[in-house]
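The next block holds one structure in the form of structure tokens; read it before the comments.
The values are calculated or read from the model by the stated rules, or taken from the named source; none is laboratory data. Owing to the predicted nature of the structure, the values given are computational and were not obtained by experimental measurement. Positions of Cβ are generated from backbone atoms using ideal geometry, with glycine treated the same way; all protein chains shown enter the neighbour counts.
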Amino acid sequence: MKTFDCDLCGSANYTVLEVARKYIGDNEPPVVCDNCGFCYVRTRRPAKEIAEDWNAIFGEGYTSEWPGVKARLFYVAEFFDQNYGWKGKHVLDIGAGEGTFLEFIQQRDAVVSGLDPSLENCEKIEGLGANAYFQTVEDPVPVKKFDVVTILWTLENCQDCMRMLRFARECLMPDGQLVVATGSRILVPFKKRLSQYLSKNPADTHCFRWSCNSLVIALARTGFVMDDVNLYEEDDWLVVVSKLVDWRLPPDRLIGLHDKPLEVIDHFTRWDRMFP
Ligand SMILES: [Zn+2]
């Protein structure tokens, strides 16, 4: 186990999200950074162990064939297609799962590859005639470079979000684009009960709870700038398309960009009261 300070700003000062306790069993509750408002889990196991848990959770019946899961992947495929187009693009999906998203964009003439820590998933991805990388982002970066990297409903579930973004950056061509999508949004209308949003799964299987601000800061800290964002306040998901830049936002420049810690805590307090 390793203890992490705030991934976004490096601060060691935090407030425990007490309201989470009644929903998460014996797990460690998330904390809110006193400096930048980022919501994260402090104690985390090695990345491979977290990935193994996710393989087990997948094994328990989770599938991207569920209508809600399929719909959100289709949404990302359509959102990017309408704004940029997939045709002819070489795409790597990090945390590709069963390859459902890759199938959608393959039908739109993208050249697809998938990276996943599950051997079974990698076999499904290869079944599409795609390249499969059986690994995590702690392993070496693929030699091939891509036009687009996608991280869909995965950045919230990894051990080290900044490492995953740096890995994505190294996978991209100089004019490449990154697409991050997440359903673990905060500071937006509650789309589900707090008891369903939080869970009794091990705390480090869901280390991060993103707002649009915190995601944009994480991207800027790893050399990306946001190019487009969906209507995340009315749709169920947050989708950010970003491009590479040759600068990194230093931690001391976060002031004014980040969420207010008390607003984040108040968001969860209201959620508990209104839609437990
Ligand atoms: Zn922070």
Can you give me the number of residues within the range 57-93 that are over 17 Å from Trp237 (Cβ atoms) and assigned to a strand (DSSP E or B)? 3
Residue identified as without any contact (Cβ under 8 Å) to a residue 40 or more places away in the chain and either more than 17 Å from the chain's Cα centre (by Cα) or under 20 Å from Phe4 (Cβ atoms) (or both) among Trp247, Trp210: Trp247
Whichever residue in the range 17-38 is out of contact with any helix residue (DSSP H, G or I) (no Cβ under 6 Å at 6 or more places or on another chain) and in a strand (DSSP E or B) and, among such residues, is nearest to Gly256 (Cα to Cα): Cys33
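Yes or no, residue by residue, for (1) under 20 Å from Val32 (Cβ atoms); (2) modelled with pLDDT of 95 or more; (3) not in a loop (DSSP other than H, G, I, E, B):
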| site | (1), (2), (3) |
| --- | --- |
| Val241 | no, yes, yes |
| Ile255 | yes, no, no |
| His258 | yes, no, no |
| Glu263 | yes, yes, yes |
| His267 | yes, yes, yes |
| Arg270 | yes, yes, yes |
Do we have any residue at all in the range 115-123 that's modelled with pLDDT of 95 or more, surrounded by fewer than 21 Cβ atoms within 10 Å (Cβ to Cβ) and farther than 20 Å from Trp210 by Cβ? yes
Give me a count of the residues in the range 5-34 that are within 16 Å of the ligand (Cβ to nearest atom), buried (at least 19 other Cβ atoms within 10 Å of the Cβ), under 20 Å from Asp160 (Cβ atoms) and not β-branched (Val, Ile, Thr). 7
For the range 52-102 the number of residues that are touching a helix residue (DSSP H, G or I) at 6+ places or on another chain (Cβ under 9 Å) and either charged (D, E, K, R) or loosely packed, with under 12 Cβ neighbours inside 10 Å (or both) is 11
Would the range 45-55 turn up any residue that is away from the ligand (no atom under 16 Å from the Cβ), touching a residue at least 12 places away in the same chain (Cβ under 8 Å) and of a type in the set (S, T, N, Q)? yes
